[in-house]
Structure formats: C-alpha cells, structure tokens
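For reference, the structure is listed below as structure tokens.
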Amino acid sequence: MIKTDRYITPMSREELLGACAKIKHVALDMDGTIYMGSTLFPFTKKFLQSLTDNGIGYSFLTNNPTRSIADYLAKLSKLGIEADREQMYTTAVATIDYIHATMPEARRLYVVGTPSMIKEFESAGFEMAAIDAADRPDALVVAFDTTLDYPKLCHASWWASQGIPYIATNPDRVCPTDQPTVLVDCGSLCKCIEHATGREPDIVIGKPNPDMLSGIRFLHNLQADEIAMCGDRIYTDVAMARNAGALGVLVLSGETTLDTAMNSDPMPAITAENIEAFGELLLDAHKR
C-alpha cells in the first residue's frame, strides 16, 4: 500500500504508474467530483485543461437524471466549462437506450422524474401516462425527482404493484449538495415503493451498471483499462469501474470520507484528495 497526503492505493508504485500510464480517457462523475451543487471546484478547469494538453480525453457521466443533456451542457457552460453532447451521458439517456433496446414496442411510460428529464424522454419518442388507473403505461420509470409530490409517488407504487416493467434510473440514496439539506435520491424512492408494495425495480440502469461506460468505449475505440472512472462514491462510481474493468478513482471531495474508503473491501484502486491530486499522478505516469 502507498499512502501520501494526496492519495492512497493498495497497489505498489510500479503497478500504480503502470495502470495510470495506460489511461487515454477519463470518465468524470459530476456532483461531488467536478462541482458541488452550483459551485465549481477551483481546480476543475485546470484539471480538464491538463488532460487536453496531454492528449487525454474526458467525458461526464452522472447518475443524476434531473436535467436533460441540453440543460447539463448549459449548466457546465455557465460554470465556464464548454462541452458537447458526445461528452455527456446521463442515466436518463441510458434508460432511454435500454428501453429502446429491450422493449422496442414500448411507447407510453409512467415516469417519476423532473420536467427536464421528461422532456428528454419525449424527445426520444415516448408519451407520458397520466395519474389515472385507466391509463396503463408500458413501463414504470422511477428517477431522482426534485418535483416529486405525494400523488405521483402513490401512483408509481400502484403501477409497481400491478407488475408492469419497472426501471430505476440509478441506485443513489442521496444526491450531493452544498446546501444544508438532504436530497433524497432515486434509490431511496425505490426503497419507499418497495416497502409499500414488496417490489424492487426489475433493473437499475445507472452506475454501478458497467453499461454506463460502454458508450465511451465504443465511441473512442478504447479498452476498458484505458479508461479511468473518477467519482466520489464507492458504491456507484468505483463499483462501476470495477465491474467494467476500468481504473476506479475515488475522490474525497464529495460524499465519501477517508475512513469509509480505508475500511472498504476491496479498497478503491486509487483514493485521491480530489481530481487535482489524481491529475498530478496521471500526468506523472504519462511522462515516464
């Protein structure tokens, strides 16, 4: 094990530098990794520029489906980060891809989600079912929904109890925030529905599902070990990297504490103070 004031790894230094030297693309979680809530971390722009300067690509992956791709790109632009659609992948888009691939006849959905996310689904050709027991949808989709109200949750529970296909966009229990509150996320909503009906989702689309990295692999013609997945959660970001065969990098700028990282089994391949610390390590490996 190597332990410094900037990073910790269970690997030897030779193994660590060898793994980092392979990296051609960095997949970045967003909340807790490049920003917190509406505040960009001061090191983010420099980190992204250093990747570009050294020929390393990057993409943004988020388990937060509350915004459409267009809205996320607008948020990044407002924070001073310019990106295109190919660099942005959300669990809403991944869910749409999943439904198209596995339920090609599905057209009408009952969705627990924000208006921005629903717009993404409608743009993909889906119709939204109403809160009406006579309006039977082809599938139930439950997501992180900051506009949730009681009737919407009750009706989702009703359709879950009726046995229609049930898809969750992500397993996150809470969403990171810089505000003095707890943002109850999709995983917690699904637990509520499970407690009420006894039913779990048929599939949970987002991280740690390794398919979230498939688009990056195919788009850039990469091997799994040429991708580093950076995020602030062991049970989503690091677990997905492990499931996909990518390099998992836990950053301590969001949800996870150092004690949690040290006591996890297995430990993340790399636990870094933040993406700046990982960037220094990555570039050091590429210069050797």
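Under the condition of being crowded, with 16+ Cβ neighbours inside 10 Å and assigned to a loop (DSSP other than H, G, I, E, B), the residues counted in the range 265-288 number 5. If you go through the range 53-71 and pick out every residue that is more than 19 Å from Gly254 (Cα to Cα) and either at pLDDT below 95 or not hydrophobic (A, V, I, L, M, F, W, C) (or both), you end up with 10. The residue that is surrounded by the fewest Cβ atoms within 10 Å (Cβ to Cβ), among those in the range 1-56 that are more than 19 Å from Gly80 (Cα to Cα), among the basic types (Lys, Arg) and touching an Asp or Glu at 6+ places or on another chain (Cβ under 8 Å), is Arg6.
Reported count of residues in the range 145-202, each being exposed (fewer than 14 other Cβ atoms within 10 Å of the Cβ), hydrophobic (A, V, I, L, M, F, W, C) and under 21 Å from Asn64 (Cβ atoms), is 1.
Listed here are the residues, each with its yes/no results for (1) modelled with pLDDT of 90 or more; (2) assigned by TED's automatic domain parsing to the domain that holds Thr33; (3) more than 13 Å from the chain's Cα centre (by Cα).
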site: Val174; (1), (2), (3): yes, no, no
site: Thr181; (1), (2), (3): yes, no, yes
site: Glu194; (1), (2), (3): yes, no, yes
site: Gly198; (1), (2), (3): yes, no, yes
site: Asp211; (1), (2), (3): no, yes, no
site: Gly215; (1), (2), (3): no, yes, yes
site: Leu219; (1), (2), (3): no, yes, yes
site: Gly231; (1), (2), (3): yes, yes, no
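Checking Thr256, Thr236 one by one, the residue that is part of a helix (DSSP H, G or I), at pLDDT below 95, within 16 Å of the chain's Cα centre (by Cα) and hydroxyl-bearing (Ser, Thr, Tyr) is Thr236 and no other. Among the residues here, Gly37 does not qualify as out of contact with any Ser or Thr (no Cβ under 8 Å at 6 or more places or on another chain) and not β-branched (Val, Ile, Thr).
Note on the range 130-151: residues that are of a type outside the set (Asp, Glu) and either touching a Gly at 6+ places or on another chain (Cβ under 6 Å) or closer than 17 Å to Ala92 by Cβ (or both) amount to 10. Here Asp84 clears all of (1) more than 18 Å from the chain's Cα centre (by Cα); (2) within 30 Å of Asp178 (Cα to Cα); (3) outside the structural domain of Asp259 (by TED's automatic domain parsing); (4) among the charged types (D, E, K, R) except the condition numbered (1).
The values are calculated or read from the model by the stated rules, or taken from the named source; none is laboratory data. Remember, it's a predicted structure, so these values are computed and weren't measured experimentally. Glycine also receives a Cβ, built like all others from the backbone with ideal geometry; neighbour counts cover every protein chain displayed.
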